[in-house]
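Written below as structure tokens is the structure these notes are about.
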Amino acid sequence: QVQLVGSGGGLVQPGGSLRLSCAASTTIGRPYDMGWYRQAPGKEREWVAGRTGGGRSNYADSVKGRFTVSRDSALDIMFLHMDSLKPEDTAIYYCNIVGLGFNYWGQGIQVTVSS
């Protein structure tokens, strides 16, 4: 069973930046797509960004131009670099990987944007 361990969250002022990381506990060894989701208080979980195994990235309109998703395929580590953060970006962020026959979620990373 693969575990995804997230890190990098915290409290940041509006306009600031954070980089979230999500590392697999063991080598995946198979192709997969990755994604980042978030859940704000009182709201449903929403998709934020994703990157296919072929290297194509996509973003929700709310974060386009501010967030960048990347991965280190050799180490199975995924990143979400967040710039120009806004209070409405406050949420618990989750990483996710999906491949043939598997679907793993990280434990959640708290991001709070507040002055």
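The values are calculated or read from the model by the stated rules, or taken from the named source; none is laboratory data. Bear in mind the structure is a predicted one, so any value in this text is a computation, not a measurement. Quick reminder, even Gly has a Cβ in these numbers, built from the backbone with ideal geometry, and neighbours come from all protein chains shown. The accessibility values were calculated without ligands, DNA or RNA, using every heavy atom of the protein model including side chains. Shrake-Rupley method; radii C 1.70, N 1.55, O 1.52, S 1.80 Å.
Residues LYS64, LYS86 ordered from highest to lowest accessible area at a 1.4 Å probe: LYS64, LYS86.
Heavy-atom accessible surface of the stretch 24-115, averaged per residue, reaches 54 Å², computed with a 1.4 Å probe. In a simple Cβ point-charge model (Lys, Arg +1; Asp, Glu -1; nothing else charged), the chain has a dipole of about 100 debye relative to its Cα centre. Here the 3J(HN,Hα) profile of the stretch 58-75, calculated from phi with Karplus coefficients 6.51, -1.76 and 1.60 at θ = phi - 60°, is 9, 9, 5, 4, 5, 10, 4, x, 10, 10, 9, 9, 8, 8, 9, 5, 5, 9 Hz, Gly and Pro shown as x. Here the chain exposes an accessible surface that is 49 percent carbon and sulfur, computed with a 1.4 Å probe and the other protein chains kept in place. Accessible surface of ILE92, taken over heavy atoms with a 1.4 Å probe and every protein chain present, rounds to 60 Å². Annotation: TRP105 carries an accessible surface of approximately 110 Å², with a 1.4 Å probe and no ligand, DNA or RNA atoms counted.
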